[in-house]
1. What residues qualify as long-range amide H neighbours of Ala151, i.e. H under 5 Å apart, gap of 5 or more or another chain, H built at 1.01 Å from N?
2. How big, on average over all directions, is the shadow cast by the Cα convex hull of region 106-193, in nm²?
3. Which values, in whole Å and largest first, are the semi-axes of the equivalent ellipsoid of region 146-247 obtained as the square root of 5 times each eigenvalue of the Cα gyration tensor?
4. Accessible area of Arg267, 1.4 Å probe, to the nearest 10 Å²?
5. So what J values fall out for region 65-75 if you push phi through Karplus, 6.51 cos²θ - 1.76 cosθ + 1.60 with θ = phi - 60°, rounded to Hz, Gly and Pro as x?
6. What is the dipole size for the chain, taken about its Cα centre, with +1 at each Lys and Arg Cβ and -1 at each Asp and Glu Cβ, in debye to the nearest 20?
7. Give me the accessible area of Val322, 1.4 Å probe, in Å² rounded to the nearest 10.
8. First measure r as the distance between the Cβ atoms of Gln321 and Glu61, then evaluate 1/(1 + (r/R0)^6) with R0 = 41 Å and state the FRET efficiency to the nearest 0.05.
Amino acid sequence: MKRRDFIKGVGAGSVATAGVVGGINTASAAKTIKWKMVTSWPKNFPGLGTGANFLAKTINEMSGGRLKVKVYGANEIVPALEVFDAVSRGTAQMGHSGAYYWKGKHPATQFFTSVPFGLTAQEMNGWLYHGGGMKLWEALYDKFNLIPNAAGNTGVQMGGWFNKEINSVDDLKGLKMRIPGLGGEVLKQAGGTPVTLPGGEIYTSMQSGAIDATEWVGPYNDMAFGLYKVAKFYYHPGWHEPGSTMEAMINKDAFNELPGDLQVIVRAACRVANQDMLADYTAKNNQALQTLIKKHKVEMRQYPDDVIKKLHSLSNDVVAQVGEYDAISKKIHKSFVEFENNVIQWSRVSEQGYMKSRAL
Ligand code: CA
């Protein structure tokens, strides 16, 4: 037998074998499973909405069309901040959102989006995938009938939009600001009033004066919402969200009903989407930032060091307090802090050391 024929023969044999194995599951393999993915984002919103679309498309293609996921924007099936409940009860099989929106369900959810002065995107992925984070997230979501997945990361966010300068912590007092999660809790400790609003309501809330200030994501996303039209000063850095993980939650019953290979495909697609969103933000943020500055005449400001120091100290208290909430919060907080204390030592010599060298 010539080599080419031999390979062909093996190929044909493999197909035949797969056919026999597949034969047992012919009915389920041939059946197209249809899932709904509800999201907290306006349909096709750059980065977040397109990230959810990318995840659905990847699942559809990796499964050869056996699992078709259809994406719904905020308010198409449920409002932005009802994604968690909708997937938990099975109205949709999947949801794309941010875990910190569910602090009312359990305060420890906030650890899985971003912790003020906590981990960067790269470090966050280290904790989730190889530092025990995912296991804890799964344990936290289990009683809600949900399976969490990391499915996107924005990288370091911007500090937010203000109509007055922030020269001292006193300037934050009485400020009504859209800032979700632990960052919001820190603002509260600094004397401000945090508000959680879905992205789609930020612009009109700023315009009507219902809120004084807001953060959203970064230049790429903030420009898409036109926030430069309703605020004068754009602050950095996003101390409150240094590397925010977006989530793809899955209804546990729906996931358990999938054949094993589709389960692997769904999880793998989430990992691909997690990586792809960070690349999208990294590639597009600066272009948007330059447009904001040059075309829209946005005034950039950096938080003064003493404001940052005060916010950092308040953050440590807020994070420790959330970590005291119950047994699982304690475990999550302990794991996060231990990982952070370790990874920071490496980041100092690697990322931080290099960034410092590059700037010389
Ligand atoms: Ca944000």
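The values are calculated or read from the model by the stated rules, or taken from the named source; none is laboratory data. These numbers were taken from a predicted model, which means no experiment stands behind them. Cβ atoms come from the backbone with ideal geometry, glycine included; neighbour counts cover every protein chain shown. Ligands, DNA and RNA are stripped out before the accessible areas are found, and what is left, the full protein with its side chains, is counted by its heavy atoms. Shrake-Rupley method; radii C 1.70, N 1.55, O 1.52, S 1.80 Å.
1. Met246, Glu247, Ala248
2. Reported value for the Cα convex hull: 6.6 nm².
3. Ellipsoid semi-axes (Å, largest first): 21, 16, 13.
4. 90 Å²
5. x, 6, 10, 9, 10, 9, 8, 10, x, 4, 6
6. For the chain, the charge dipole is close to 1120 debye.
7. About 20 Å², ignoring ligands and nucleic acids.
8. Between Gln321 and Glu61 the formula returns 0.40.
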